[in-house]
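Here the structure is laid out as structure tokens; the discussion comes afterwards.
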Amino acid sequence: MNGPEYYGLTGNPFDKNFNCHGRYFESEDFRQAEARLNVLKTVRGIGVITAESGMGKSLSLKAFTDELNPNLYHAQYICFSTVTVPEFYRQLCDSFGLTDVVGKTRRVREIKDQIQYMYTEKKQTMILILDEAQYLNTGILNDLKMLMNFNYDTQNYFTLILCGEPLLKITLSKPVHMALRQRVTVHYEFKGLQDSEVKDYILFKLKQAGGTESMIDPAAINSVTGFSHGNPRLIDNLMTDALTIGAQQELKSITADVIMAAEQNRSF
């Protein structure tokens, strides 16, 4: 019997594939990011969202796009690894369905034409999300200014959201990217769950799967708080292992000792 089954849960709520039915834990980071993104979708321009790995950035983006009115907004999400300028434009064209366009100059023109058509004719604002943007090189970042330039740079036809690890913020602070940085309308950097939020986060997840507060001791929650440093992904990993260990030991609730054992499993 696996951990969630032993504890009578409908599944592992700490697994990213668990069906949360569109319900998300609204941490302070979540609320701050959503507020800025909702401003950005209206004013258009560039937004920058940065976070250490596992802080919940991608979840916030998903929640934001899920709430967009499809009649007014069209979201395109692209997640990057290290790419060259030609590869960047190929991926961008593919996301717009422009699969038969070759050459940088033609690709730029076709992409801008598509964005302008959507805005002026379909009355839809394109929201282009570039995730893992810390991998974008100087050539690509410089070209983003060109993509944003419409009508002699007098109007923003779409919203660009650059998301990535804190290295992205450091990269954008370099003098070579001053012009791009000046176009940034909103920026938010995730700080992680506050200590007071960790308990609420764990109980929120457990209750989504039919669990109760009695499933975990207060001392265990304190241990998770200390080990995780407010990183939701680390909390999810610890709790996943803790459910398994607790089931193996046939414990009625997760104790601090179980969290300690789970942390030791993660120390490699």
task = Take the Cβ-Cβ distance between LYS123 and ILE170 as r, set R0 to 45 Å, and report the resulting FRET efficiency rounded to the nearest 0.05.
result = 0.75
query = Tally Lys and Arg at +1 and Asp and Glu at -1 over the other residues with C-beta under 14 Å from the C-beta of LEU40: what net charge comes out?
reply = +2
key: Charge dipole (debye, nearest 20) of region 18-147; +1 at Cβ of Lys and Arg, -1 at Cβ of Asp and Glu   = 460 debye
request  = Report the local net charge at VAL108: Lys and Arg +1, Asp and Glu -1, summed over other residues whose C-beta lies under 14 Å from its C-beta.
outcome  = +4
inquiry  = I want the antiparallel fraction of DSSP beta bridges within the chain, as a percent rounded to 5.
reply    = 5 percent
ask   = Per-residue ellipticity at 222 nm for the chain, helices alone: DSSP H runs ≥ 4 residues times -39500 (n - 2.57), over residue total, nearest 500 deg cm²/dmol?
value = -15000 deg cm²/dmol
ask   = Which of ASN12, ASN69, SER58 sits closest to the plus end of the dipole of the chain, meaning its Cα is farthest towards the positive end, when Lys and Arg get +1 and Asp and Glu get -1 on the C-beta?
value = ASN69
query = By the scheme Lys and Arg +1, Asp and Glu -1, what is the net charge of all other residues having a beta-carbon under 12 Å from that of GLU165?
reply = -2
Mean accessible surface per residue for region 118-216, computed with a 1.4 Å probe while every protein chain stays in place, in Å² = 46 Å²
query = Highest mean first, what order results for 55-61, 116-122 on Cβ atoms within 10 Å?
reply = 55-61, 116-122
message = Treating only the Cβ of Lys, Arg, Asp and Glu as charged (+1, +1, -1, -1), what charge dipole size does region 112-248 show about its Cα centre? Round to the nearest 20 debye.
response = 500 debye
key: Straight-distance crosslink candidates among lysines, where the alpha carbon sits under 18 Å from LYS199 and sequence neighbours closer than 8 are dropped   = LYS191, LYS207
query = With the dipole of the chain worked out from charges on the C-beta (+1 for Lys and Arg, -1 for Asp and Glu) around the Cα centre, which of GLN32, LEU172, PHE190 lies farthest toward the positive end?
reply = LEU172
ask   = So what is the relative contact order of the chain, in percent, for Cα pairs below 8 Å that sit 6 or more residues apart?
value = 29 percent
ask   = What aspartates and glutamates sit close enough to LYS169 to cross-link, taking a C-alpha to C-alpha distance under 13 Å and skipping anything fewer than 8 places away on the same chain?
value = GLU52, GLU132, GLU189
ask   = Taking 0.36 nm per intervening residue step and subtracting the Cα-Cα distance, what contour gain separates GLU28 from ASN137 on full extension?
value = 36.1 nm
note = The distance between the Cα centres of region 155-171 and region 216-268, in whole Å, is 35 Å
task = Note down the magnitude of the dipole of the chain about its Cα centre, charges +1 on Lys and Arg C-beta and -1 on Asp and Glu C-beta and zero elsewhere, to the nearest 20 debye.
result = 1220 debye
inquiry  = From the convex hull of the Cα coordinates of the chain, what is the mean projected area in square nanometres?
reply    = 16.1 nm²
request  = Could you look at region 126-203 and say what percent of its accessible area is carbon and sulfur, using a 1.4 Å probe and all protein chains?
outcome  = 52 percent
inquiry  = Greater than 30 Å separation of Cα atoms is the criterion. Which listed pairs, LYS57/LYS112; LYS16/LYS104; LYS16/LYS123, meet it?
reply    = LYS16/LYS104; LYS16/LYS123
remark   = Placing each pseudo-label 7 Å from Cα in the direction of the beta carbon, LYS62 and GLN114 end up separated by a distance in nanometres of 2.4 nm
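The values are calculated or read from the model by the stated rules, or taken from the named source; none is laboratory data. On a predicted model such as this, the values are computed, not experimentally measured, just so you know. Don't worry about glycine lacking a Cβ; one is built from the backbone with ideal geometry, like all the others, and counts go over all protein chains shown. Side chains included, ligands, DNA and RNA excluded: accessible areas come from the protein's heavy atoms. Shrake-Rupley method; radii C 1.70, N 1.55, O 1.52, S 1.80 Å.
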